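Novice: Here it is, the structure, as structure tokens.
The values are calculated or read from the model by the stated rules, or taken from the named source; none is laboratory data. Quantities reported herein were computed from a predicted structural model and do not represent experimental measurements. Note that each Cβ is placed from the backbone with ideal geometry, even for glycine, and that neighbours are counted across all protein chains shown. Side chains included, ligands, DNA and RNA excluded: accessible areas come from the protein's heavy atoms. Shrake-Rupley method; radii C 1.70, N 1.55, O 1.52, S 1.80 Å.
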Amino acid sequence: LAATANEIVVQNHTSLSYHSSLADATDNIDPIQGIYTSTNPVQTIYARVENDLTGCSKITDFDLIINDGPIISPLVNLEKCDLDLNGTESYLLTDLNSIILDGLEPSDYVIEYYKNKNDASGGLNSVTDVYESEGNEIIYGRVSESSNTQCYNIAEVELILNKPPTIQSISLVQPQINANNNTITLDIPNSDHLEFSIGNKEGPYQAATTFYNINSGFHTLYIRDLKGCAILNFDIAVLGYDNFFTPNNDGLNDFWQIKGLENTENQIHIFDRYGKLLSTLKTTERGWDGTHKGGRLPAADYWFRVTLHNGQEFNGHFSLVR
């Protein structure tokens, strides 16, 4: 408090004392000695000036103000993806600056990072902006006013290291199939933390595993975890075909064929209801004309099986109509 003495009195032969209340200053009791610790945002101190010759006194007051420091985001996190699975990643701490400042003018502040809160409070042993960590670690960002580095605040920073998603198995279910617009459902175990996009790495992504109105053919399925850690991709085949065909040589629906796979070399096996193999054709061919060994087969339901080059296998049935 003595630092204020020259502002309060310049008269010779006077005594200056400081008091925590007006009553103490008036009665000249319990003067504050040495360093005074204030725990209030604003604390009024009363200064008593007494003339040593006459004993006359006068009292003035002033406030001790504890500045809250910069108003910053007190809790932030920085996430990285452990793509190489080595258990550590380099965090660029300056990526946090704008988040911590939360709209404050960057040129008015200095931000430094520390491994523990005591170092941050003392401004000692700051770490480099590129910080190597195994994640699950708390460090501290000290934000100081550029014009007064002792006026500061501290943000708590959580460093998080996410593991990329791993897919053990993936299969495709098509509960609804037609030539062009298909419904498919992805069968992926433990998919609650994943989201999916078909045909576009940029999305949109969806959490649901069922997709509607998907064209027949090969597509790229993109899978990422909800943390945005990594994106995996898989080739999938969406099977499309007509549920019936009419091989009557009228130029319409005279052949039955899998749709969307015309440019791939895959074989289709067609069976009757008893499992007898009737025909084997390639997806590059025109299709099946409803005959077996040159003879026309009757109107009925027929079954097929196709195994694609990506390992997907489909079984289904369709109708021959005469």
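Novice: Suppose the filter is modelled with pLDDT of 95 or more, open to solvent by 80 Å² or more (accessible area, probe 1.4 Å) and in a strand (DSSP E or B); does D30 pass it?
Specialist: no
Novice: Can you pull out the residues in the range 114-134 that are open to solvent by 100 Å² or more (accessible area, probe 1.4 Å) and free of Cβ contacts under 8 Å to residues at least 24 places away in the same chain?
Specialist: Of everything in the range 114-134, those that are open to solvent by 100 Å² or more (accessible area, probe 1.4 Å) and free of Cβ contacts under 8 Å to residues at least 24 places away in the same chain turn out to be N118, N125.
Yes/no matrix, rows are residues, columns are (1) touching a strand residue (DSSP E or B) at 6+ places or on another chain (Cβ under 7 Å); (2) closer than 30 Å to V10 by Cβ:
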{"residue": "S57", "(1), (2)": "yes, yes"}
{"residue": "L64", "(1), (2)": "yes, yes"}
{"residue": "Y91", "(1), (2)": "yes, no"}
{"residue": "S98", "(1), (2)": "no, no"}
{"residue": "L101", "(1), (2)": "yes, no"}
{"residue": "Y114", "(1), (2)": "yes, no"}
{"residue": "S126", "(1), (2)": "yes, no"}
{"residue": "I160", "(1), (2)": "yes, no"}
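Novice: Kindly list the number of the only condition in (1) crowded, with 16+ Cβ neighbours inside 10 Å; (2) within 20 Å of the chain's Cα centre (by Cα) that fails for N182.
Specialist: Only one criterion is unmet by N182, namely (2).
Novice: Which ones in the range 65-109 are surrounded by 11 or more Cβ atoms within 10 Å (Cβ to Cβ), within 30 Å of Y36 (Cβ to Cβ) and in contact (Cβ under 8 Å) with a residue 40 or more places away in the chain?
Specialist: Those that are surrounded by 11 or more Cβ atoms within 10 Å (Cβ to Cβ), within 30 Å of Y36 (Cβ to Cβ) and in contact (Cβ under 8 Å) with a residue 40 or more places away in the chain: N67, G69, P70, I71, I72, P74.
Novice: Only residues that are within 16 Å of D27 (Cβ to Cβ) and surrounded by 12 or more Cβ atoms within 10 Å (Cβ to Cβ): list them for the range 46-60, please.
Specialist: If the condition is that a residue be within 16 Å of D27 (Cβ to Cβ) and surrounded by 12 or more Cβ atoms within 10 Å (Cβ to Cβ), then Y46, A47, R48, V49, E50, S57, K58, I59 are the ones that fit.
Novice: Quick one: which of E137, E156 is open to solvent by 70 Å² or more (accessible area, probe 1.4 Å) and modelled with pLDDT of 95 or more?
Specialist: On inspection, the qualifying residue turns out to be E156.
Novice: Counting just the residues of the range 127-162 that are polar (S, T, N, Q) and closer than 20 Å to T88 by Cα, which one comes out farthest from the chain's Cα centre (by Cα)?
Specialist: T128
Novice: Moving on to the next point. When the residues of the range 3-27 are filtered to those that are of a type outside the set (S, T, N, Q) and surrounded by fewer than 12 Cβ atoms within 10 Å (Cβ to Cβ), which remaining residue is nearest to I66 (Cα to Cα)?
Specialist: Per the stated criteria, the residue is A3.
Novice: Just for strands (runs of 3 or more DSSP E) wholly inside the range 201-290: which have at least 1 residues that are modelled with pLDDT of 85 or more and within 26 Å of the chain's Cα centre (by Cα)?
Specialist: Fully inside the range 201-290 and qualifying: 210-214, 217-225, 231-238.
Novice: Only one of (1) touching a strand residue (DSSP E or B) at 6+ places or on another chain (Cβ under 8 Å); (2) over 21 Å from L320 (Cβ atoms); (3) open to solvent by 70 Å² or more (accessible area, probe 1.4 Å) fails for Q267. Which number is that?
Specialist: (2)
Novice: For R142, only one of the following conditions fails: (1) touching a residue at least 60 places away in the same chain (Cβ under 8 Å); (2) within 18 Å of I72 (Cβ to Cβ). What is its number?
Specialist: If we test R142 against (1) touching a residue at least 60 places away in the same chain (Cβ under 8 Å); (2) within 18 Å of I72 (Cβ to Cβ), just (1) comes out false.
Novice: Mind checking whether some residue in the range 30-47 is within 26 Å of N125 (Cβ to Cβ), touching a residue at least 12 places away in the same chain (Cβ under 8 Å) and polar (S, T, N, Q)?
Specialist: Looking for residues that are within 26 Å of N125 (Cβ to Cβ), touching a residue at least 12 places away in the same chain (Cβ under 8 Å) and polar (S, T, N, Q), one finds none in the range 30-47, hence no.
Novice: Would you confirm whether any residue within the range 101-108 is in a strand (DSSP E or B) and either at pLDDT 95 or above or under 23 Å from S147 (Cβ atoms) (or both)?
Specialist: no
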